[in-house]
Amino acid sequence: EIVMTQSPATLSVSPGERATLSCRASQSVKSSLAWYQQKAGQAPRLLIYGASTRATGTPGRFSGSGSGTEFTLTIGSLQSEDFAVYYCQQYNSWPPPWTFGQGTKVEIK
Amino acid sequence: QVQLVESGGGLVKPGGSLRLSCAASGFTFSDHFMSWIRQAPGKGLEWVAYISRTGNSIYYADSVRGRFTISRDDAKNSLYLQMNSLRADDTAVYYCARGEGILSYWGQGTLVIVSS
């Protein structure tokens with residue numbers, strides 16, 4: 001099973017600042033990497049897939065990069081609605097399991 | 001618009017059973033792969049099960065294999081998760097999601113509590 005490790009666990013950022021979240025895979029997942037946003041009390045929402053492709057409705061301030069084992073989610077200028085938990089997920093494995101990182105909480109500084 | 005609505009959660013004793021349902025609308029259900037994902041209270045996300053468009057390809061997480069069964073009824077636009085031999089560590093919010101790998105749409109979840 002591919003293990004996904006996210007860092008940091010918590011990121012304290014002021015509104016308007018840039019946030020950089022990291023995700024590492026225990027083995028190569030090529031570009032089969034997605035990012036999800038989960039706000040308190042809500043279901044996760046797909047933000048990014050294919051490591052860098054924004055899903056429908058994802059604002060342009062969100063960008064993903066990386067391939068292989070190292071990935072980054074960057075939020076260009078944090079808005080109030082961006083404070084949430086972010087999960088990375090690999091879907092390169094076939095057959096499944098498709099595995100998630102433990103999440104990074106982005107909180108207001 | 002795409003909607004996924006889970007139901008069937010609740011309180012069940014260890015060793016008991018529960019059947020979750022997910023009603024889909026706003027898209028052609030039979031054209032899509034579907035998955036179940038769960039989230040224990042205060043914890044992260046865990047993929048649970050997957051079913052192909054035809055239902056011929058099904059996979060489970062090791063933690064539920066042999067106890068859970070995923071199925072679909074395209075005539076009813078519905079996805080199901082039959083959960084047997086439930087354990088305390090199955091306590092979680094269960095989400096259905098559209099997709100194979102990339103989980104593009106999620107329901108709001110249904111809470112399953114396994115406790116005596």
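The values are calculated or read from the model by the stated rules, or taken from the named source; none is laboratory data. Note that the coordinates shown come from a computational prediction; the quantities given were computed from them, not determined experimentally. Don't worry about glycine lacking a Cβ; one is built from the backbone with ideal geometry, like all the others, and counts go over all protein chains shown.
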Mind checking which residues of segment B:5-45 are part of a strand (DSSP E or B) and of a type in the set (A, V, I, L, M)? B:5, B:11, B:12, B:18, B:20, B:23, B:24, B:34, B:37, B:45
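Is segment A:66-84 home to any residue that is within 14 Å of the chain's Cα centre (by Cα) and closer than 21 Å to residue B:97 by Cα?
Yes: segment A:66-84 contains one or more residues that are within 14 Å of the chain's Cα centre (by Cα) and closer than 21 Å to residue B:97 by Cα.
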With respect to residue B:13, determine if the residue is more than 25 Å from residue A:2 (Cα to Cα) and either out of contact with any Gly (no Cβ under 7 Å at 6 or more places or on another chain) or among the acidic types (Asp, Glu) (or both). yes
Listed residues A:52, A:63; which is free of Cβ contacts under 8 Å to residues at least 24 places away in the same chain and under 10 Å from the mean Cα position of the chain (by Cα)? A:63
Suppose the filter is of a type in the set (Asp, Glu) and either within 11 Å of another protein chain (Cβ to nearest Cβ) or in contact with a Ser or Thr (Cβ under 8 Å, 6 or more places away or on another chain) (or both); does residue A:81 pass it? no
Only residues that are at pLDDT 95 or above, surrounded by 13 or more Cβ atoms within 10 Å (Cβ to Cβ) and in contact with a Ser or Thr (Cβ under 8 Å, 6 or more places away or on another chain): list them for segment B:30-60, please. B:33, B:40, B:46, B:47, B:48, B:49, B:50, B:51, B:53, B:58
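Whether any residue in segment B:65-86 is of a type in the set (Val, Ile, Thr) and surrounded by fewer than 22 Cβ atoms within 10 Å (Cβ to Cβ) is what I want to check.
Checked segment B:65-86: at least one residue is of a type in the set (Val, Ile, Thr) and surrounded by fewer than 22 Cβ atoms within 10 Å (Cβ to Cβ).
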For residue A:15, indicate whether it is under 27 Å from residue B:62 (Cα atoms) and either away from chain B (no Cβ under 12 Å) or of a type outside the set (S, T, N, Q) (or both). no
Just checking, how many residues over segment A:20-42 are surrounded by fewer than 21 Cβ atoms within 10 Å (Cβ to Cβ) and of a type in the set (A, V, I, L, M, F, W, C)? 1
From the option list A:66, A:60, single residue qualifying as at pLDDT 95 or above, part of a loop (DSSP other than H, G, I, E, B), farther than 28 Å from residue B:110 by Cα and away from chain B (no Cβ under 13 Å) is A:60
With the requirement that a residue be assigned to a loop (DSSP other than H, G, I, E, B) and in contact (Cβ under 8 Å) with a residue 24 or more places away in the chain, what does segment B:46-58 give you? B:52
Give segment B:101-116 a look and list any residue that's within 8 Å of chain A (Cβ to nearest Cβ), more than 13 Å from residue A:38 (Cβ to Cβ) and in a loop (DSSP other than H, G, I, E, B), or say none. B:101, B:102, B:104, B:107
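In segment A:29-49, which residue that is more than 12 Å from the chain's Cα centre (by Cα) and over 11 Å from residue A:66 (Cα atoms) is nearest to the other protein chains (Cβ to nearest Cβ)? Break it down into steps so the answer makes sense when it comes.
Restricting attention to segment A:29-49, the residues satisfying the condition of being more than 12 Å from the chain's Cα centre (by Cα) are A:29-32, A:39-43.
If we keep only those that are over 11 Å from residue A:66 (Cα atoms) as well, we get A:39-43.
Working: A:39: 12, A:40: 11, A:41: 9, A:42: 8, A:43: 4 Å.
Per the stated criteria, the residue is A:43.
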Taking the residues in segment A:87-105 that are within 7 Å of chain B (Cβ to nearest Cβ) and part of a loop (DSSP other than H, G, I, E, B) as candidates, determine which candidate is farthest from residue B:62 (Cα to Cα). A:103
Counted residues in segment B:80-97 being under 12 Å from residue B:110 (Cβ atoms) and aliphatic (A, V, I, L, M) come to 4
The correct count of residues that are part of a strand (DSSP E or B) and within 13 Å of residue A:92 (Cβ to Cβ) in segment A:1-22 is 1
